[in-house]
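Just below is one structure, and these are the notes that go with it.
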Amino acid sequence: MLNLLSCRRLPFVNKCVAVWRRWVVATLVPVGVVAGFLLGHTSFVYSNSSLDQSQAFNDAAADPPNQGRHVSECNLNIPTISTSELPEFLIAESDFCTRRGNLTMVAYIHSHISGVEKRQETRATWASRWAENLGVRLAAVFMVGRARTHREKEIVERESRLYGDIVQGNYTDTYYTLSLKALMALEWVQQHCSHVPWVLHADDDVLIDTVSYSKFLNARGSSNRLFCHAWKSSLVRRTGKWCVEKYEFPGKKYPPYCAGGAWVVANKGVPRLLKAATHAPPLWVDDVYVTGILARKAGLRHSWALSAHFRMTGIEEQDLGKTMVWFNVTETRTEWWRKLVKHHGLTLPHLPPPPSS
C-alpha cells in the first residue's frame, strides 16, 4: 500500500504528484470498474425484467427528459403537453347530443381544418345526419385545433354555422398533439354526451359499416372492453417516423392497443380513461397512449371479436357484409357507401344538396 503521508517528506513537487497519481490508479480505477459493472448489470436486469411496463413508464417519466442526455435519438420536434389541465374549447357544441335525441352512439372524428373534402365525404356516408333512416342512431362531431390563418378561421366558422358538428380546441393541430386532441374529445364526451351508451373514435379517412357495427354492439350491451383491431406485442421503435425515446417509454414492447383508425368503448369507460390520464404522463403516439397505456390503467381490456372485420387498406365487393371498418380508403367513399347500403337491403333517403354558403 502506498504511504500517502510520505508525500510530505518528498523534496520535489513532481514526485508528490506522482505518488498521488499512483494512488488514484491503484484505488479509484478498480472501484469505478466495479461500480460500472454493477450499474450496467442493474440496467440489464431492469430492461429484461417482467415489471409492469406502465409502472416502468411512470417511473422513467418522473425524471426530467433532458437530464443525462445530450443527443436526441429521435430528433423529433415534439411539443410539451400537459394532461393535468386541458386547453379550453373554442367551439363546444354543448347541446350536440341532446338536440340529436335518442342516440346509441356518439362519434368523435380526428380531423384538421384543411381536411374539408374528407369531412364532406364523411358527412355524406357513415356519419350522415340521416343515418337513423338506416336504423343507426349515431351522430358525429369533428375535432379540430385552433385556426392558424384567416382562411382556416373562415372554414371553421362556416362549417360550424352550417352543420353544427365542429368541436374546436385551443391547441395547435399537429401530428404530435393527437394525444391531446383525443383527451379533449373524451372530455367533451364526458361533459356533453355522457348519456349516450357508446363512444366511437374514428379518423376522417375511414369507411364504417355502421349498420353491422350497431347490430354487433347492441348484442353486447354495456361492456368493460375496447372493440377494435387490437395489436399485441408491438415493438417500440427507436428510429424513424414512429420513434419514441426511452424516457418516454422505456419498455421494449407496447401493451396491447387498438389500431387508431377506429375503435369503440362503452361511455362508462370514458371517465376511467380520463382519470388514468392524470396519473400517466402523455405519449405522443395517441393510439398507444389512449387505448394501450390508459386503457390498462383504467382496467379496460381489448376484445378480439372484431379483429377479423377490419381491413387495413383497399376495399372490394367481397368485403361487403363481412368487413365493418376500412382504414385509409383512397377510393371514393360515397360510391362504396351506396353499395354497402344496397347490400343491407336498405335505401338511402333523398338528400338535399350540401349547403353552398
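Since every read-out is calculated from the coordinates, none of them should be taken as a lab result. As the structure is a computational prediction, the values presented were derived from the model and not from experiment. Cβ coordinates were reconstructed from backbone atoms using ideal geometry, including for glycine residues, and neighbour counts include every protein chain displayed.
Listed values, structure above:
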read-out: Shape metrics for the range 185-335, restricted to C-alpha atoms - Rg then Dmax, Å; value: 15.9, 46
read-out: Alpha-carbon Rg/Rh ratio, for the range 252-357, with Rh computed the Kirkwood way; value: 1.08
read-out: For the range 205-283: Kirkwood Rh in Å [reciprocal of mean 1/r, alpha carbons]; value: 15.1
read-out: Placed amide H near Phe142: partners under 5 Å, 5+ positions off or other chain; value: Ile109, Ile166, Val167
read-out: ³J(HN,Hα) computed for each position of the range 304-313 - Karplus, 6.51 cos²θ - 1.76 cosθ + 1.60, integer Hz, glycine/proline x; value: 9, 5, 9, 4, 7, 10, 10, 10, 6, 9
read-out: About the Cα centre, charge dipole magnitude for the range 164-288 (Lys/Arg +1, Asp/Glu -1 at Cβ), debye; value: 740
read-out: Filter on Lys232/Lys268; Lys232/Lys322; Lys241/Lys342; Lys252/Lys322 - keep pairs with C-alpha separation over 30 Å; value: Lys241/Lys342; Lys252/Lys322
read-out: Net length gained if the chain between Phe216 and His279 were fully extended (0.36 nm per residue, minus Cα distance); value: 19.4 nm
read-out: Cα Rg over Rh - the range 89-343, Kirkwood; value: 0.94
read-out: Separation of the Leu348 and Lys232 label points, Cα + 7 Å toward Cβ, nm; value: 3.9
